[in-house]
1. In the full protein assembly as shown, how much of residue 118 is accessible to a 1.4 Å probe, in Å² to the nearest 10?
2. At a 1.4 Å probe radius, which order do 46, 142 fall into by accessible area, largest first?
3. Taking H placed 1.01 Å from N in the peptide plane, check which residues at least 5 places from residue 62 or on another chain put their amide H under 5 Å from its amide H.
4. Classify region 205-322 as rounded, prolate or oblate, taking a ≥ b ≥ c as the square roots of the eigenvalues of its Cα gyration tensor: rounded when a/c is under 1.5, otherwise prolate if a/b is larger than b/c and oblate if not.
5. Using only the Cα atoms of region 151-280, build the gyration tensor, take square roots of its eigenvalues as a ≥ b ≥ c, and label the shape rounded, prolate or oblate: rounded if a/c is under 1.5, else prolate if a/b is larger than b/c, else oblate.
6. In what order, largest first, do 66, 45 sit by accessible area if the probe radius is 1.4 Å?
7. Under a Cβ-Cβ cut-off of 13 Å, what is the net charge of the residues other than residue 274 that fall near it, where Lys and Arg count +1 and Asp and Glu count -1?
8. Say we join alpha carbon atoms closer than 10 Å with springs in a Gaussian network model of the chain; which of 130, 365, 18 then has the biggest fluctuation?
Amino acid sequence: MNADRITEKLNILADAAKYDVSCASSGSKRKNENKGLGNASNGICHSYTEDGRCVSLLKILLTNHCIFDCAYCVSRKSNDIQRAAFTVQEVVDLTINFYRRNYIEGLFLSSGIFKDADFTMERLVRIAKKLRTEHNFNGYIHLKSIPGASDELMNEAGLYADRLSVNLEMPTEAGLKLLAPDKNQADMIKPMGYLKNAIIQRTEEKKLFKKAPIFAPAGQSTQVIIGATPENDSEVLRSANYFYKNFNLKRVYYSGYVPVLADSRLPALNTSVPMVRENRLYQADWLMRFYGFKVNEIVNDAQPHLDLDIDPKLSWAIRNMQAFPVNINKADLQMILRVPGIGLLSAQKIVSARKFGKLNWDQLKKMGVALNRAKYFVICNSTEFERRDLTGNNIKQFILATSQSKFLKNTQVQLNLF
Ligand code: SF4
(Lines give C-alpha, C1' and ligand atoms only; values in the text may rest on other atoms or scores of the structure.)
Protein backbone atom coordinates (compact mmCIF):
# COMPACT_ATOMS: atom_id res chain seq x y z
CA MET A 1 0.00 0.00 0.00
CA ASN A 2 1.37 3.46 -0.93
CA ALA A 3 1.23 5.23 2.43
CA ASP A 4 1.46 8.76 0.97
CA ARG A 5 -1.41 8.17 -1.42
CA ILE A 6 -3.51 6.62 1.33
CA THR A 7 -2.81 9.59 3.58
CA GLU A 8 -3.83 11.93 0.75
CA LYS A 9 -7.07 10.01 0.23
CA LEU A 10 -7.69 10.02 3.96
CA ASN A 11 -7.33 13.79 4.10
CA ILE A 12 -9.80 14.27 1.24
CA LEU A 13 -12.37 11.69 2.30
CA ALA A 14 -12.32 12.47 6.02
CA ASP A 15 -12.73 16.17 5.26
CA ALA A 16 -15.71 15.43 3.00
CA ALA A 17 -17.29 13.28 5.73
CA LYS A 18 -17.22 16.02 8.36
CA TYR A 19 -20.52 17.54 7.17
CA ASP A 20 -22.43 14.43 8.23
CA VAL A 21 -23.35 14.87 11.89
CA SER A 22 -25.30 11.67 12.32
CA CYS A 23 -22.59 10.11 14.45
CA ALA A 24 -22.65 13.14 16.78
CA SER A 25 -19.02 13.85 16.26
CA SER A 26 -16.31 16.14 17.41
CA GLY A 27 -12.75 16.36 16.16
CA SER A 28 -9.68 14.67 17.57
CA LYS A 29 -6.02 15.58 17.22
CA ARG A 30 -4.20 12.30 17.87
CA LYS A 31 -0.98 12.30 15.85
CA ASN A 32 0.97 9.48 14.23
CA GLU A 33 4.35 9.68 15.98
CA ASN A 34 5.94 6.35 15.08
CA LYS A 35 5.76 6.29 11.29
CA GLY A 36 2.60 4.26 11.26
CA LEU A 37 0.08 4.49 8.50
CA GLY A 38 -2.01 7.66 8.30
CA ASN A 39 -2.50 10.50 10.70
CA ALA A 40 -5.37 10.13 13.07
CA SER A 41 -5.83 13.87 13.46
CA ASN A 42 -8.02 13.72 10.36
CA GLY A 43 -11.00 11.42 10.29
CA ILE A 44 -11.45 10.58 13.95
CA CYS A 45 -14.69 11.60 15.61
CA HIS A 46 -16.41 10.83 18.88
CA SER A 47 -19.82 9.29 19.18
CA TYR A 48 -22.00 8.23 22.10
CA THR A 49 -23.42 4.73 22.37
CA GLU A 50 -26.88 3.95 23.73
CA ASP A 51 -25.46 3.47 27.25
CA GLY A 52 -23.74 6.87 27.13
CA ARG A 53 -20.22 5.55 26.46
CA CYS A 54 -18.04 7.80 24.31
CA VAL A 55 -16.38 5.94 21.43
CA SER A 56 -13.87 7.15 18.84
CA LEU A 57 -14.75 6.37 15.24
CA LEU A 58 -12.86 6.53 11.97
CA LYS A 59 -15.26 8.76 10.00
CA ILE A 60 -14.70 8.71 6.25
CA LEU A 61 -16.35 8.50 2.85
CA LEU A 62 -15.60 5.55 0.61
CA THR A 63 -15.53 8.10 -2.22
CA ASN A 64 -16.45 11.73 -2.85
CA HIS A 65 -17.17 10.98 -6.52
CA CYS A 66 -20.91 11.29 -7.03
CA ILE A 67 -23.30 11.03 -9.92
CA PHE A 68 -25.76 13.39 -8.18
CA ASP A 69 -25.72 17.15 -7.87
CA CYS A 70 -27.31 18.01 -4.53
CA ALA A 71 -26.93 21.78 -4.15
CA TYR A 72 -25.96 21.66 -0.44
CA CYS A 73 -23.21 19.02 -0.78
CA VAL A 74 -19.48 19.61 -1.31
CA SER A 75 -19.26 16.29 -3.16
CA ARG A 76 -21.89 17.27 -5.76
CA LYS A 77 -20.74 16.36 -9.26
CA SER A 78 -20.61 19.96 -10.52
CA ASN A 79 -18.29 21.09 -7.70
CA ASP A 80 -14.70 21.50 -8.82
CA ILE A 81 -12.85 19.68 -6.02
CA GLN A 82 -10.15 17.06 -5.64
CA ARG A 83 -11.75 13.62 -5.86
CA ALA A 84 -10.64 10.33 -4.37
CA ALA A 85 -11.90 6.83 -3.71
CA PHE A 86 -10.73 4.11 -1.38
CA THR A 87 -10.80 0.50 -2.44
CA VAL A 88 -12.67 -1.94 -0.21
CA GLN A 89 -9.37 -3.39 1.02
CA GLU A 90 -7.93 0.06 1.81
CA VAL A 91 -10.82 0.91 4.15
CA VAL A 92 -10.52 -2.49 5.81
CA ASP A 93 -6.77 -2.07 6.30
CA LEU A 94 -7.10 1.49 7.61
CA THR A 95 -9.76 0.46 10.10
CA ILE A 96 -7.77 -2.48 11.40
CA ASN A 97 -4.57 -0.44 11.51
CA PHE A 98 -6.19 2.40 13.50
CA TYR A 99 -8.01 -0.07 15.72
CA ARG A 100 -4.81 -1.94 16.60
CA ARG A 101 -3.16 1.38 17.49
CA ASN A 102 -6.07 2.18 19.78
CA TYR A 103 -6.91 5.30 17.78
CA ILE A 104 -10.48 4.16 17.19
CA GLU A 105 -13.13 1.82 18.48
CA GLY A 106 -15.20 1.74 15.34
CA LEU A 107 -15.95 2.92 11.82
CA PHE A 108 -18.46 5.45 10.45
CA LEU A 109 -18.60 4.93 6.70
CA SER A 110 -20.58 6.92 4.18
CA SER A 111 -20.12 7.50 0.46
CA GLY A 112 -20.92 9.48 -2.64
CA ILE A 113 -22.71 7.44 -5.28
CA PHE A 114 -20.26 5.86 -7.76
CA LYS A 115 -22.47 4.46 -10.48
CA ASP A 116 -25.78 3.57 -8.92
CA ALA A 117 -27.12 2.85 -5.45
CA ASP A 118 -26.46 -0.89 -5.42
CA PHE A 119 -22.98 -0.62 -6.93
CA THR A 120 -21.98 1.68 -4.05
CA MET A 121 -23.91 -0.07 -1.30
CA GLU A 122 -22.40 -3.43 -2.25
CA ARG A 123 -18.93 -2.01 -1.54
CA LEU A 124 -19.97 -0.59 1.83
CA VAL A 125 -21.43 -3.94 2.79
CA ARG A 126 -18.33 -5.79 1.59
CA ILE A 127 -16.16 -3.64 3.87
CA ALA A 128 -18.30 -4.40 6.92
CA LYS A 129 -18.44 -8.09 6.02
CA LYS A 130 -14.67 -8.37 5.60
CA LEU A 131 -14.07 -6.61 8.91
CA ARG A 132 -16.44 -8.93 10.75
CA THR A 133 -15.73 -12.25 9.06
CA GLU A 134 -12.07 -12.04 8.00
CA HIS A 135 -10.68 -9.88 10.79
CA ASN A 136 -13.08 -10.79 13.57
CA PHE A 137 -13.56 -7.05 14.13
CA ASN A 138 -15.90 -6.46 17.06
CA GLY A 139 -15.77 -2.67 17.05
CA TYR A 140 -18.74 -0.44 16.29
CA ILE A 141 -19.73 -0.05 12.63
CA HIS A 142 -22.16 2.63 11.42
CA LEU A 143 -22.94 2.40 7.70
CA LYS A 144 -24.72 5.09 5.76
CA SER A 145 -27.23 3.39 3.48
CA ILE A 146 -27.40 4.60 -0.07
CA PRO A 147 -30.94 5.76 -1.00
CA GLY A 148 -32.48 3.28 -3.44
CA ALA A 149 -30.28 0.32 -2.38
CA SER A 150 -31.95 -3.09 -2.76
CA ASP A 151 -33.55 -5.00 0.11
CA GLU A 152 -30.98 -7.79 -0.29
CA LEU A 153 -28.09 -5.39 0.33
CA MET A 154 -29.90 -3.70 3.23
CA ASN A 155 -30.41 -7.13 4.74
CA GLU A 156 -26.73 -7.99 4.42
CA ALA A 157 -25.74 -4.59 5.80
CA GLY A 158 -27.85 -5.23 8.90
CA LEU A 159 -26.00 -8.47 9.58
CA TYR A 160 -22.63 -6.72 9.88
CA ALA A 161 -23.33 -3.11 10.92
CA ASP A 162 -24.36 -1.97 14.40
CA ARG A 163 -26.26 1.01 13.10
CA LEU A 164 -27.61 1.91 9.67
CA SER A 165 -28.84 5.29 8.63
CA VAL A 166 -30.47 6.81 5.58
CA ASN A 167 -30.21 10.60 5.43
CA LEU A 168 -33.49 12.37 4.71
CA GLU A 169 -31.35 15.46 4.03
CA MET A 170 -34.24 17.96 3.78
CA PRO A 171 -37.12 18.09 6.26
CA THR A 172 -39.75 18.03 3.49
CA GLU A 173 -40.14 16.52 0.05
CA ALA A 174 -40.50 20.01 -1.45
CA GLY A 175 -37.14 21.04 0.05
CA LEU A 176 -35.50 17.91 -1.34
CA LYS A 177 -36.93 18.55 -4.82
CA LEU A 178 -35.58 22.08 -4.75
CA LEU A 179 -32.01 21.23 -3.74
CA ALA A 180 -31.55 17.60 -4.76
CA PRO A 181 -33.61 17.12 -7.92
CA ASP A 182 -31.86 13.77 -8.67
CA LYS A 183 -33.17 12.29 -5.44
CA ASN A 184 -36.65 11.36 -4.42
CA GLN A 185 -37.93 10.81 -0.91
CA ALA A 186 -39.44 7.43 -1.80
CA ASP A 187 -35.92 6.05 -2.39
CA MET A 188 -34.98 7.06 1.15
CA ILE A 189 -38.15 5.83 2.77
CA LYS A 190 -37.98 2.39 1.14
CA PRO A 191 -34.77 1.23 2.91
CA MET A 192 -36.01 2.79 6.17
CA GLY A 193 -39.18 0.73 5.92
CA TYR A 194 -37.19 -2.39 5.15
CA LEU A 195 -34.90 -1.82 8.13
CA LYS A 196 -37.76 -1.14 10.50
CA ASN A 197 -39.46 -4.42 9.63
CA ALA A 198 -36.23 -6.42 9.59
CA ILE A 199 -35.18 -5.08 13.01
CA ILE A 200 -38.56 -5.98 14.52
CA GLN A 201 -38.53 -9.43 12.93
CA ARG A 202 -34.95 -10.23 13.99
CA THR A 203 -35.60 -9.04 17.53
CA GLU A 204 -38.55 -11.46 17.74
CA GLU A 205 -36.45 -14.29 16.29
CA LYS A 206 -33.71 -13.60 18.81
CA LYS A 207 -36.21 -14.03 21.65
CA LEU A 208 -37.15 -17.47 20.31
CA PHE A 209 -33.77 -18.69 19.08
CA LYS A 210 -30.68 -17.66 20.98
CA LYS A 211 -28.48 -18.34 17.97
CA ALA A 212 -30.48 -16.19 15.52
CA PRO A 213 -28.07 -13.60 14.03
CA ILE A 214 -28.20 -10.08 15.44
CA PHE A 215 -29.39 -7.38 13.05
CA ALA A 216 -28.40 -3.71 13.30
CA PRO A 217 -28.52 -3.83 17.12
CA ALA A 218 -28.11 -0.05 17.47
CA GLY A 219 -31.09 0.55 15.14
CA GLN A 220 -31.43 3.19 12.45
CA SER A 221 -31.11 6.96 12.44
CA THR A 222 -31.32 9.84 9.97
CA GLN A 223 -30.07 13.37 9.46
CA VAL A 224 -31.89 16.49 8.28
CA ILE A 225 -30.18 19.71 7.24
CA ILE A 226 -31.60 22.83 8.85
CA GLY A 227 -31.55 26.28 7.33
CA ALA A 228 -30.77 25.38 3.71
CA THR A 229 -34.48 25.49 2.80
CA PRO A 230 -37.23 27.68 4.28
CA GLU A 231 -39.07 25.04 6.40
CA ASN A 232 -40.05 26.34 9.82
CA ASP A 233 -39.41 24.44 13.08
CA SER A 234 -42.95 23.12 13.08
CA GLU A 235 -42.39 21.44 9.71
CA VAL A 236 -39.00 20.08 10.83
CA LEU A 237 -40.33 18.63 14.09
CA ARG A 238 -43.49 17.21 12.50
CA SER A 239 -41.35 15.45 9.95
CA ALA A 240 -39.07 14.07 12.70
CA ASN A 241 -42.09 12.97 14.71
CA TYR A 242 -43.52 11.15 11.68
CA PHE A 243 -40.27 9.24 11.12
CA TYR A 244 -39.85 8.38 14.82
CA LYS A 245 -43.37 7.00 14.92
CA ASN A 246 -43.47 5.18 11.58
CA PHE A 247 -39.91 3.93 11.21
CA ASN A 248 -38.82 3.36 14.83
CA LEU A 249 -35.81 5.63 14.39
CA LYS A 250 -33.36 5.80 17.27
CA ARG A 251 -32.30 9.33 16.48
CA VAL A 252 -32.94 12.21 14.13
CA TYR A 253 -29.85 14.40 13.81
CA TYR A 254 -30.40 18.08 13.00
CA SER A 255 -27.49 19.56 11.11
CA GLY A 256 -27.30 23.34 10.77
CA TYR A 257 -26.51 24.15 7.15
CA VAL A 258 -22.87 25.13 6.62
CA PRO A 259 -22.70 27.47 3.59
CA VAL A 260 -19.84 26.18 1.46
CA LEU A 261 -21.25 26.60 -2.05
CA ALA A 262 -22.62 29.56 -3.95
CA ASP A 263 -26.01 28.71 -5.43
CA SER A 264 -29.05 30.91 -5.91
CA ARG A 265 -31.21 28.23 -4.22
CA LEU A 266 -29.14 28.36 -1.03
CA PRO A 267 -28.51 30.94 1.73
CA ALA A 268 -25.61 33.30 0.91
CA LEU A 269 -22.07 32.12 1.63
CA ASN A 270 -21.63 34.53 4.54
CA THR A 271 -24.74 33.24 6.34
CA SER A 272 -23.94 31.96 9.85
CA VAL A 273 -24.48 28.31 10.69
CA PRO A 274 -27.78 28.19 12.67
CA MET A 275 -26.24 26.76 15.85
CA VAL A 276 -28.84 28.09 18.30
CA ARG A 277 -31.68 26.79 16.17
CA GLU A 278 -29.98 23.41 15.87
CA ASN A 279 -29.62 23.27 19.66
CA ARG A 280 -33.28 24.20 20.25
CA LEU A 281 -34.39 21.50 17.81
CA TYR A 282 -32.40 18.89 19.74
CA GLN A 283 -34.02 20.08 22.98
CA ALA A 284 -37.49 19.89 21.41
CA ASP A 285 -36.70 16.44 20.01
CA TRP A 286 -35.68 15.33 23.52
CA LEU A 287 -39.00 16.63 24.93
CA MET A 288 -40.92 14.55 22.36
CA ARG A 289 -38.94 11.39 22.97
CA PHE A 290 -38.42 11.39 26.74
CA TYR A 291 -40.67 13.97 28.40
CA GLY A 292 -44.07 13.04 27.00
CA PHE A 293 -44.60 16.24 25.00
CA LYS A 294 -46.64 16.07 21.82
CA VAL A 295 -45.22 17.91 18.85
CA ASN A 296 -48.29 20.21 18.81
CA GLU A 297 -47.54 21.41 22.31
CA ILE A 298 -44.05 22.52 21.31
CA VAL A 299 -44.78 24.03 17.89
CA ASN A 300 -48.03 24.63 16.05
CA ASP A 301 -49.60 27.00 13.52
CA ALA A 302 -49.73 29.82 16.04
CA GLN A 303 -46.15 29.18 17.18
CA PRO A 304 -44.32 27.70 14.14
CA HIS A 305 -40.81 28.61 15.38
CA LEU A 306 -39.06 27.62 18.56
CA ASP A 307 -37.99 30.48 20.84
CA LEU A 308 -34.30 31.04 20.28
CA ASP A 309 -33.68 32.86 23.56
CA ILE A 310 -35.16 30.23 25.87
CA ASP A 311 -35.38 26.43 25.73
CA PRO A 312 -38.62 24.82 24.47
CA LYS A 313 -39.66 23.46 27.86
CA LEU A 314 -39.48 26.89 29.50
CA SER A 315 -41.22 28.33 26.47
CA TRP A 316 -44.10 25.85 26.87
CA ALA A 317 -44.34 26.58 30.61
CA ILE A 318 -44.65 30.35 30.23
CA ARG A 319 -47.33 29.86 27.57
CA ASN A 320 -49.21 27.53 29.94
CA MET A 321 -49.00 29.25 33.30
CA GLN A 322 -52.42 27.85 34.20
CA ALA A 323 -50.74 24.42 34.64
CA PHE A 324 -48.54 25.77 37.49
CA PRO A 325 -47.54 25.74 40.28
CA VAL A 326 -46.95 22.00 40.45
CA ASN A 327 -47.01 20.51 43.93
CA ILE A 328 -43.81 18.51 43.97
CA ASN A 329 -45.07 16.29 46.79
CA LYS A 330 -48.27 15.26 45.03
CA ALA A 331 -48.09 15.70 41.24
CA ASP A 332 -47.64 12.70 38.98
CA LEU A 333 -44.32 12.04 37.23
CA GLN A 334 -45.58 13.30 33.85
CA MET A 335 -46.39 16.74 35.31
CA ILE A 336 -43.13 16.95 37.25
CA LEU A 337 -41.27 16.27 34.00
CA ARG A 338 -42.87 19.39 32.53
CA VAL A 339 -41.37 21.71 35.13
CA PRO A 340 -38.47 23.81 33.75
CA GLY A 341 -35.27 22.96 35.62
CA ILE A 342 -36.27 19.37 36.40
CA GLY A 343 -34.65 16.68 34.27
CA LEU A 344 -35.51 13.00 33.86
CA LEU A 345 -33.24 11.80 36.62
CA SER A 346 -34.31 14.46 39.12
CA ALA A 347 -37.99 13.77 38.41
CA GLN A 348 -37.49 10.08 39.14
CA LYS A 349 -35.55 10.86 42.33
CA ILE A 350 -38.37 13.18 43.48
CA VAL A 351 -41.04 10.51 42.99
CA SER A 352 -38.96 7.90 44.88
CA ALA A 353 -37.84 10.17 47.71
CA ARG A 354 -41.24 11.73 48.52
CA LYS A 355 -42.50 8.31 49.68
CA PHE A 356 -40.36 8.87 52.79
CA GLY A 357 -41.36 12.45 53.57
CA LYS A 358 -42.29 15.78 52.06
CA LEU A 359 -39.55 17.44 50.03
CA ASN A 360 -38.25 20.99 50.50
CA TRP A 361 -36.03 23.37 48.47
CA ASP A 362 -32.78 21.99 49.94
CA GLN A 363 -33.67 18.43 49.10
CA LEU A 364 -34.73 19.39 45.59
CA LYS A 365 -31.42 21.14 45.07
CA LYS A 366 -29.51 18.05 46.22
CA MET A 367 -31.46 15.99 43.67
CA GLY A 368 -30.10 18.14 40.86
CA VAL A 369 -33.10 20.42 40.33
CA ALA A 370 -32.11 23.80 38.82
CA LEU A 371 -33.95 25.94 41.38
CA ASN A 372 -33.22 29.20 39.53
CA ARG A 373 -35.84 27.96 37.01
CA ALA A 374 -37.98 25.51 38.91
CA LYS A 375 -38.75 27.89 41.81
CA TYR A 376 -41.20 29.86 39.63
CA PHE A 377 -43.20 26.74 38.81
CA VAL A 378 -43.37 24.51 41.91
CA ILE A 379 -44.50 24.45 45.49
CA CYS A 380 -42.87 22.15 48.03
CA ASN A 381 -42.56 21.75 51.78
CA SER A 382 -40.85 25.13 52.27
CA THR A 383 -42.08 28.67 52.29
CA GLU A 384 -43.75 29.31 48.96
CA PHE A 385 -41.61 31.27 46.55
CA GLU A 386 -43.09 34.73 45.99
CA ARG A 387 -44.41 34.14 42.48
CA ARG A 388 -48.02 35.28 42.79
CA ASP A 389 -47.84 38.42 40.69
CA LEU A 390 -45.30 37.20 38.12
CA THR A 391 -46.48 36.82 34.54
CA GLY A 392 -44.88 34.34 32.16
CA ASN A 393 -43.03 37.20 30.55
CA ASN A 394 -41.68 38.44 33.93
CA ILE A 395 -40.38 34.94 34.66
CA LYS A 396 -38.72 34.73 31.26
CA GLN A 397 -36.94 38.04 31.85
CA PHE A 398 -35.76 36.99 35.34
CA ILE A 399 -34.41 33.70 34.02
CA LEU A 400 -32.73 35.29 31.02
CA ALA A 401 -31.07 37.86 33.27
CA THR A 402 -29.35 35.10 35.24
CA SER A 403 -28.79 32.61 32.41
CA GLN A 404 -25.24 31.53 31.58
CA SER A 405 -26.11 29.78 28.29
CA LYS A 406 -23.25 29.88 25.80
CA PHE A 407 -25.83 30.04 23.05
CA LEU A 408 -27.39 33.25 24.30
CA LYS A 409 -24.50 35.36 23.05
CA ASN A 410 -25.33 34.40 19.49
CA THR A 411 -29.08 34.69 19.81
CA GLN A 412 -29.33 38.17 18.46
CA VAL A 413 -27.41 37.21 15.33
CA GLN A 414 -29.57 34.14 14.86
CA LEU A 415 -32.77 36.13 15.24
CA ASN A 416 -31.72 38.26 12.33
CA LEU A 417 -31.30 35.19 10.15
CA PHE A 418 -34.58 33.42 10.63
S1 SF4 B 1 -25.98 11.95 -3.30
FE2 SF4 B 1 -24.96 12.32 -1.36
S3 SF4 B 1 -22.80 12.55 -1.88
FE4 SF4 B 1 -23.94 12.75 -3.79
S5 SF4 B 1 -24.23 14.95 -4.06
FE6 SF4 B 1 -26.05 14.16 -3.02
S7 SF4 B 1 -25.62 14.40 -0.80
FE8 SF4 B 1 -23.66 14.59 -1.94
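The values are calculated or read from the model by the stated rules, or taken from the named source; none is laboratory data. Bear in mind that the values here come from a model prediction, so they are computed numbers and not experimental data. Don't worry about glycine lacking a Cβ; one is built from the backbone with ideal geometry, like all the others, and counts go over all protein chains shown. Accessible surface areas use protein heavy atoms only, side chains included; no ligands, DNA or RNA. Shrake-Rupley method; radii C 1.70, N 1.55, O 1.52, S 1.80 Å.
1. Residue 118 exposes around 60 Å² with every protein chain in place.
2. Result, largest first: 46, 142.
3. 110, 111, 112
4. Oblate, because a/c is 1.5 or more while a/b does not exceed b/c.
5. In terms of gyration-tensor shape, prolate.
6. So the residues, ranked largest to smallest area, are 66, 45.
7. Residues close to residue 274 contribute a combined charge of -1.
8. Maximum among the listed residues: 365.
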